[in-house]
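Since the structure comes first, as structure tokens, the remarks are kept for the end.
FYI, it's all coordinate maths here, none of it is from the lab. These numbers come from a predicted model, not from an experiment. Cβ coordinates were reconstructed from backbone atoms using ideal geometry, including for glycine residues, and neighbour counts include every protein chain displayed.
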């Protein structure tokens with residue numbers, strides 16, 4: 001059973017590594033769901049697609065993600081991932097920086113009313 005803390009309205013995540021200098025998550029996004037439009041002040045991210053298909057928003061740019069593709073999200077860059085397919089989109093998120101807490105998420109837009 002998954003940790004209830006890792007459940008989100010768009011899917012769920014699993015923490016694979018949590019160290020002082022990095023954090024690694026396996027994130028599953030439900031079909032036709034998306035995460036909030038957000039940015040981080042204290043970390044950067046690298047997303048590597050495992051299965052499914054999605055569109056990543058990076059500032060004003062859109063990048064299609066399919067298995068084996070990846071995208072880098074610099075610190076303070078507005079970003080979002082949206083599952084555009086009919087199956088779950090699974091990706092690995094590698095965070096690097098000085099802080100990895102969930103309170104470093106600045107949500108600019110959210111489908112689920114979270115601030």
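One table, with the values for the structure above:
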| item | result |
| --- | --- |
| Average Cα contact separation per residue, the chain, under 8 Å, 6 or more apart, as relative contact order % | 34 percent |
| Gained length - residue 69 relative to residue 111, 0.36 nm times residue gap less alpha-carbon distance | 12.5 nm |
| Of 84, 69, 28, the one that fluctuates the most in a GNM where the chain has Cα springs shorter than 10 Å | 69 |
| Extended-chain gain in nm, criterion 0.36 nm per residue less alpha-carbon gap, residue 87 and residue 60 | 7.1 nm |
| Residue 17-residue 103 FRET efficiency (beta carbon distance; Förster radius 22 Å; 0.05 resolution) | 0.65 |
| Where labels lie 7 Å past Cα in the beta-carbon direction, separation of residue 76 and residue 32 in nm | 3.8 nm |
| Listed candidates (1) 0.98; (2) 1.28; (3) 1.53 - label of the one calculated as Cα Rg over 2.2 N^0.38 Å | (1) |
| Candidates 16, 65, 35: whichever shows maximal mean-square fluctuation once the chain is modelled as a Gaussian network with Cα springs under 10 Å | 16 |
